[in-house]
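Some notes on the structure that comes next.
The values are calculated or read from the model by the stated rules, or taken from the named source; none is laboratory data. Nothing here was measured: the structure is a model prediction, and the numbers come from that model. With ideal geometry, Cβ positions are generated from the backbone for all residues, glycine too; neighbour counts draw on all protein chains shown. Each accessible area value is taken on the protein alone, full model and side chains, heavy atoms only, with ligands, DNA and RNA left out. Shrake-Rupley method; radii C 1.70, N 1.55, O 1.52, S 1.80 Å.
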Amino acid sequence: MRPPPAAVRPWLSTLALIAGWAAVCASGRVDPHVLPAPGAVLRAARDLTLDGSLPAALAVSGTRVAVGAGAGVAVGLLLGVLAGLSAVAHDVVDRPLQAVRAVPFTAVTPLLVVWVGLGEPPRLLLVAVAALVPTYLATVGGVRGVDPRLRELAAAHGLGRRRTATRVLLPAALPAVLVGLRLALGTAWVALVVAESVNASAGVGALLTDARTYARTDVVLLCVLVYAALGLLTDALVRALERALLVPVPAGPTARPAPPALSVPDPAVPVPVVGHPSTTPGGPHP
Amino acid sequence: MRDFFEVRDVHVMRSGAHGPLPVLGGVDLRVGRGELVCVVGPSGCGKSTLLGVVAGLLRPARGRVLLAGRDVTGTPAHTAYMPQQDLLFAWHTVLDGVALGLRVQRVGRREARARARDVLAEFGLEAFADARPDELSGGMRQRAALARTVLQGRDVVLLDEPFGALDALTRLDAQRWLAATWRAHRWTGLLVTHDVGEAVTLGDRVLRLSGRPAVVAQEVAVDEPRPRTPGVPDERVVRTVLAGLGVVPDERAPDEREPDERAPGLPVRLP
């Protein structure tokens, strides 16, 4: 039997699971309210698309993530670059953000509602902060983790501080930043789900809450799958960005141990393990 | 004329676990125009530290670096410095990477690329101009890094173990090529190597640094006329340098040696 083509292979196990799910439901041994069949979920999708509620919900949720995560990523990048390049900025910004990272956002949502009011602001803020923290962490780690010998080389060529930062440090940090971006979008979606589950008026979360109220398990399952698909979509967008921006770096041992830099790097800064694009989850690049 | 650039009484300290550690303890040297001086010494950071001081990347605790009479201590970008690792930027093609020095000096992109192409052709890498550094072998990357170094157009060239990563045969080839290119361009500078034979093949003079705190413990002129044959350095000079390290040919008969020294084919006595 010929092996299946490469494009299809990663999907085979998923297809098998769906087929298994359909088979279990078709056997009649499971209550359709507990586990709706794939067919039922598809029918619900069709109905909700036809009456407009699914597209509207997608638009609302998508906009929330675009605006919230967009703002969060932008601020995270800015703070990360500043903290990476300036010791003063790092001292000011790093500890508070590390503290924020430790706070679970399920706990924070009611507090945000009290502080910021009801409606969109607390939702957007939650998504923004959820996107900001991983972006900041990856950016500051990437900038500070750049090989100090590259800095020396830049100095030897006559690059001043500003040009070293723009022409050497930031490009060298880009792989780490993109990994952070992927993580940030992942957390942003989780934050969105939480934000939309509390007092949602529109969006996929509202659809989900309504479905729970009316015990429409097929719609509940549909919403969960929609969230998953949206998360995969944004992940694929970032991976496309990675392919466009990054040079694939072959991961592998170097031929000999690297000689130390002439200058001594700051011992207080832990050097993070920067993820290569080729080793982060999501499969190899084509 | 021995004073195109000069290193005067340079002391460098490093912070150690129990206080400051001296690395360089008063290094003096002078290099004349067109001279290639090779620096050898025990492994550790002394030789690279010296190059770092000459390159202006490290400010010494004491002492000065003078270039054509001007004090350039602690000021980078007066010399063309090539570190041990090629450090070619992964996000540039080889062409743009080599052109880095010119772009830094505000040369226009088209002209910088044209000049980079010329240098790459001279170094035998013109076919790889549009490749990425990770597509090149180690030897090719070193050559590209050297191309980048010399394209800066500075008079003084500092090379830190440029052939350390190359296999023995490629190394001989590279030595012959460097000797010819050095003469053709009339560069001045220092080459650090742990290989005494290489130092004697390439250098007009060989300086040996002692262990920490390092000083110039020995200076030997290499009079052999050029072009020299790589791999067959002047025996006499090599022996002089090794003698300075306490490594001498063992002239005793086998039965005069201690039991543990009777290994056949052991031509030297180590200190």
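Some notes on this structure:
- Shape analysis of the protein assembly as shown yields a ratio of the Cα radius of gyration to the Kirkwood radius, Rg/Rh, of 1.13.
- Of the DSSP H helices in chain A, those whose Cα atoms cover at least 20 Å axially and whose Kyte score averages -0.5 or more: A:12-26, A:53-85, A:87-102, A:120-144, A:170-197, A:217-245
- Peptide-level mean, for B:81-87, of C-beta atoms on other protein chains within 10 Å: 5
- Accessible surface, chain B, averaged per residue in Å² (probe 1.4 Å): 47
- Positions from the stretch B:42-77 whose accessible area shrinks by 40 Å² or more when the full protein complex is built, not the chain alone, probe 1.4 Å: B:Leu57
- Accessible surface ranking that places the most exposed of B:Ser210, A:Ser61 first, with a 1.4 angstrom probe: B:Ser210, A:Ser61
- A Cβ-based charge dipole, computed about the Cα centre of the stretch B:1-136 with Lys and Arg at +1 and Asp and Glu at -1, lands at about 520 debye.
- Net +/- balance of residues flanking A:Leu192 in space, Cβ distance below 11 Å, scoring K and R +1, D and E -1: +1
- Relative to the longest principal axis of the Cα atoms of chain B, the long axis of helix B:138-151 makes an angle of roughly 60 degrees.
- Interface B:A - total buried accessible surface [probe 1.4 Å, Å², rounded to 100]: 2500
- The stretch A:1-103 - percent of accessible surface contributed by carbon and sulfur, probe 1.4 Å: 72
- Residue-normalised accessible area of the stretch A:61-214, expressed per residue, 1.4 Å probe, Å²: 43
- Two-decimal Rg/Rh across chain B, once Rg and the Kirkwood Rh are taken from alpha-carbon atoms: 1.01
- The H on the amide N of B:Phe163, modeled in the peptide plane, is under 5 Å from the matching H of no residue at least 5 residues off or on a different chain.
- Interface burial in the stretch A:156-186, defined as at least 40 Å² less accessible area with all protein chains than with the chain alone at a 1.4 Å probe, covers A:Ala156, A:His157, A:Arg163, A:Arg167.
- Cα lying deepest toward the dipole's positive end in the stretch B:1-149, options B:Gly56, B:Tyr81, B:Phe123, charges on Cβ: B:Gly56
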